[in-house]
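Worksheet: one structure, shown below.
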Amino acid sequence: MKKTIRNALDDGIKTLSSNNITDARLDADLLLEHVLGVDKVYIIINGNELIAEEKYNIYNNYIAQRAEGKPLQYIIGYQEFMGLTFKVNENVLIPRQDTEVLVLEAIKYIKENNITNILEIGTGTGCIPISICYNCNDVKATTVDISDEALKIAKENAIINNVADRIQFVRSNLFEDIDENHDFQLFISNPPYIRSNDIGDLMIEVKEHEPIGALDGGEDGLYFYREISKEVKNRTKKRSYILYEVGYDQSDEVKKILNALGYTDIKIYKDLTGINRVVAGAYNK
Ligand SMILES: C[S@@+](CC[C@H](N)C(=O)[O-])C[C@H]1O[C@@H](n2cnc3c(N)ncnc32)[C@H](O)[C@@H]1O
């Protein structure tokens, strides 16, 4: 039976709603825009046009995947972050809007302190070093991940966003394969920070689709903050800055970790919803 664009959209919304997908209308609309290669306005204006059977079948397939809890971004294959486009798949965490606060604060530190050399731990899509390099022409970044699959996507994203010549991608367990002679002036990380026991309570989209290695922060969620903060001290040549994204209830604990290790100028920055999201500090040798 021939369907119009409007019929297809209504079918999609109905299926997603009956499967308790929170943003059923928005997601059905975005998937249809993606399949047809058009924008929202086109769908509103041309709702009575017939949809080609082949497109309708693809759309239904996408709707079925979304109904089962697969995140929209993994279906369409990309996510916007800091105004740039990042390719995603199930080997990488989908970049979150909260992380833009971390990047924006890092850009301020970089500009105020004439920083040119940074290290990121846990690159995922590469969204952090790529958007920093995109906005700071003098910066060179090194970024590591323990996942080869993540590094593959991150390299592709650096090429897509024209900063591949300023980013070195290294497969490394934390700092293990990073040369100790590097003089990094700023260290940045959005590490895995969910408590191991809380992983089961996450939304189905996250716990069944996003990579566990990007989420699990150990028993108390703070494993990576402790390990990275200790090693940044060893790697600091003169003075360095450290910036972390933290979980909604972790800023005080991360501040304590930095304090105990002798970091100074510890600051906390909030995200757009008022939650303490970034903890920053400085270390002097
Ligand atoms: C929370 S994700 C952050 C991804 C990306 N930076 C972002 O903000 O969207 C953490 C990343 O750390 C990586 N990772 C986990 N353990 C690691 C380790 N021991 N050494 C290096 N990277 C690690 C994961 O593979 C994952 O890509």
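The values are calculated or read from the model by the stated rules, or taken from the named source; none is laboratory data. None of these values were measured; they are calculated from a predicted model. Cβ sites come from the backbone with ideal geometry, for glycine too, and all protein chains shown count toward neighbours. Surface areas here come from the heavy atoms of the whole protein model, side chains and all, with no ligands, DNA or RNA. Shrake-Rupley method; radii C 1.70, N 1.55, O 1.52, S 1.80 Å.
Figures for the structure shown
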| quantity | calculated |
| --- | --- |
| 17 Å cut-off, amide nitrogen to a point 7 angstrom out along Gln97 Cα→Cβ, residues in segment 54-83 | 72-73, 79-83 |
| Extended-chain gain in nm, criterion 0.36 nm per residue less alpha-carbon gap, Val170 and Lys207 | 10.7 nm |
| Selection from Ser18, Val170, Gly262, by position along the positive dipole direction of the chain (Cβ) | Gly262 |
| Percent of Cα pairs exceeding the 25 Å cut-off, where the set is segment 1-114 | 34 |
| 3J(HN,Hα) from dihedral phi, segment 200-210, Karplus parametrisation 6.51/-1.76/1.60, rounded to Hz, x for glycine, proline | x, 8, 5, 4, 4, 4, 7, 5, 9, 10, 7 |
| Environment charge at Leu36 (Cβ cut-off 12 Å; Lys +1, Arg +1, Asp -1, Glu -1) | -3 |
| Cα-based radius of gyration of segment 136-235 once divided by 2.2 N^0.38 Å, which approximates compact folds | 1.20 |
| Sulfur and carbon atoms: percent of accessible area, the chain [1.4 Å] | 48 |
| Computed P(r) (all Cα pairs; the chain; 10 Å bins; percent) | 6, 26, 31, 20, 11, 5, 1, 0 |
| Extension gain, Arg6 back to Glu90 (0.36 nm per residue minus Cα-Cα distance, nm) | 27.2 nm |
| Förster radius 22 Å - calculated FRET efficiency between Lys108 and Asn181, Cβ distance, rounded to 0.05 | 0.20 |
| Sites Asn46 and Lys285 - FRET efficiency at Förster radius 51 Å, r taken between beta-carbons, to 0.05 | 0.20 |
| Full-extension gain in nm, Ile160 to Asn19, via 0.36 nm per residue minus C-alpha separation | 47.3 nm |
| Where the chain is the region considered: accessible area per residue in Å², 1.4 Å probe | 49 |
